[in-house]
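Novice: I'd like to ask you about the structure that follows.
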């Protein structure tokens, strides 16, 4: 029987599914968190931590999830299931299916504008969290402030009562809460350096365009704690739907695949309170920076390296890529010799054990994390994941050839085809401009480096002017011209 022939998963089915819930002692909470960007990552990570925290210590921390791209299909699928969905955890030991219950409501912007702002005005809502990716911040990479030329930002400044952007929504909601002097905490869970501080700057700069006194109040009163999040969560495929159906006996239209590993480090600044996340494995710290930087550079940096080299070389998934002996040696050496020395971590953090754990996670044969998914939005990801590490290596007078190979692979990826001619789509906010520049260079290394290093949204002027950086990129592109697989072998040595 196919999953579509089974009854639809809803909360009414829970009494028959005790074996697949975290605990049977569950009482439906009131909504205390609004989450912007209700994608797979949040549903496999923060939502599960939050349910476990309520089971451990109580609290009214039910979640209202919000899609921001006008995607009513996700809202409708989840609401047809009363917010219920399954998490399909896949690892070397097998598969585990868990039903997640903390998500109680899903809204879609701009269709549910009034409902969303009703929620955001409710004093019961004490945290607004986000997983919207780097591009969702509408942030000028040169200044760190809101990008005034962003179409969504321009719309919101002209129509402040019907905002569509993240900074516009947050500023409008906080304007409403200011009247009662009852702000919520804004919690970024995106892979962005100093994500809380970065979001605070964007929101304050947006608010200052409309009302300087509101910007001052936000800066003085509203907490924006930083976080570091980690769990590999691929896109949902039909395989997860069939797995959930087979185990549950119900059709789940919105299951989420993930690996067994998870980590959450949170700066402990929540004036209005928070769930007891620390009781269920999250680390509450004074400064998240060392953990954040280790994850951005070690995991995210090598993930992007794997993705761009794999798109050229023809590896579809991360486990297939890391299963190539040359690729594994390359990534091991990159982490050991080029990335780890740039990090200052607490003594309790064994960076080489972290490296080995990452390699084991990448090799998970059950996850099938697609390289094309990781390769999306490279213009947003390359700066925090790779360029900061390269700048640190240059400042220290140390080599960075493998890191340069990763950036060069992204440059070559912009052609839109693999070494064997297989075409793929370049999904990036700057795709049209970047691909035009790449095409005009005709695969000539000097021309490609000269053109792309002028893109200030990606490359800071100081780094772009570094002769060692330009030379390393040209060398890597020259080697990539003979094929990504031979380049991987050459740089793995």
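Novice: Could we say that residue 300 is touching a residue at least 60 places away in the same chain (Cβ under 8 Å) and not in a helix (DSSP H, G or I) here?
Specialist: no
Novice: Next question, about the same structure. Which one is nearest to the chain's Cα centre (by Cα), of the residues in segment 417-442 that are in a loop (DSSP other than H, G, I, E, B) and loosely packed, with under 14 Cβ neighbours inside 10 Å?
Specialist: Step by step, filter segment 417-442, then rank; the result is 427.
Novice: Applying the selection to segment 90-135, what residues are closer than 30 Å to residue 382 by Cβ, at pLDDT below 95 and in contact with a strand residue (DSSP E or B) (Cβ under 8 Å, 6 or more places away or on another chain)?
Specialist: 90 - this is the single residue of segment 90-135 that is closer than 30 Å to residue 382 by Cβ, at pLDDT below 95 and in contact with a strand residue (DSSP E or B) (Cβ under 8 Å, 6 or more places away or on another chain).
Novice: So, one more: Does residue 148 meet the test of being surrounded by fewer than 18 Cβ atoms within 10 Å (Cβ to Cβ), touching a helix residue (DSSP H, G or I) at 6+ places or on another chain (Cβ under 8 Å) and either at pLDDT below 95 or over 25 Å from residue 268 (Cβ atoms) (or both)?
Specialist: yes
Novice: Now for a separate question. Being part of a helix (DSSP H, G or I) and in contact with a strand residue (DSSP E or B) (Cβ under 7 Å, 6 or more places away or on another chain) is the filter here; which residues of segment 204-228 pass it?
Specialist: Of everything in segment 204-228, those that are part of a helix (DSSP H, G or I) and in contact with a strand residue (DSSP E or B) (Cβ under 7 Å, 6 or more places away or on another chain) turn out to be 205, 206.
Novice: Does segment 47-54 contain at least one residue that is under 24 Å from residue 369 (Cβ atoms) and without any contact (Cβ under 8 Å) to a residue 24 or more places away in the chain?
Specialist: Within segment 47-54 (the criterion being under 24 Å from residue 369 (Cβ atoms) and without any contact (Cβ under 8 Å) to a residue 24 or more places away in the chain), the answer is no, since none of the residues qualifies.
Novice: Provide a single number: the residues in segment 452-493 that are under 28 Å from the mean Cα position of the chain (by Cα) and farther than 20 Å from residue 330 by Cβ.
Specialist: Selection size over segment 452-493: 13.
The rows are residues; the columns are (1) in a strand (DSSP E or B); (2) more than 12 Å from residue 104 (Cβ to Cβ); (3) in contact with a strand residue (DSSP E or B) (Cβ under 8 Å, 6 or more places away or on another chain).
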| site | (1), (2), (3) |
| --- | --- |
| 13 | no, yes, no |
| 22 | no, yes, yes |
| 33 | yes, no, yes |
| 41 | no, yes, yes |
| 49 | no, yes, yes |
| 56 | no, yes, no |
| 59 | no, yes, yes |
| 64 | yes, no, yes |
| 70 | no, yes, yes |
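Novice: Got a sec? Which of 212, 163, 167 is free of Cβ contacts under 8 Å to residues at least 24 places away in the same chain and crowded, with 19+ Cβ neighbours inside 10 Å?
Specialist: Of 212, 163, 167, the one residue that is free of Cβ contacts under 8 Å to residues at least 24 places away in the same chain and crowded, with 19+ Cβ neighbours inside 10 Å is 163.
The values are calculated or read from the model by the stated rules, or taken from the named source; none is laboratory data. The shown structure was predicted, so the numbers you read here are calculated from the model rather than taken from an experiment. Methodologically, a virtual Cβ is constructed for each residue, glycine included, from the backbone with ideal geometry; neighbour enumeration extends over all protein chains shown.
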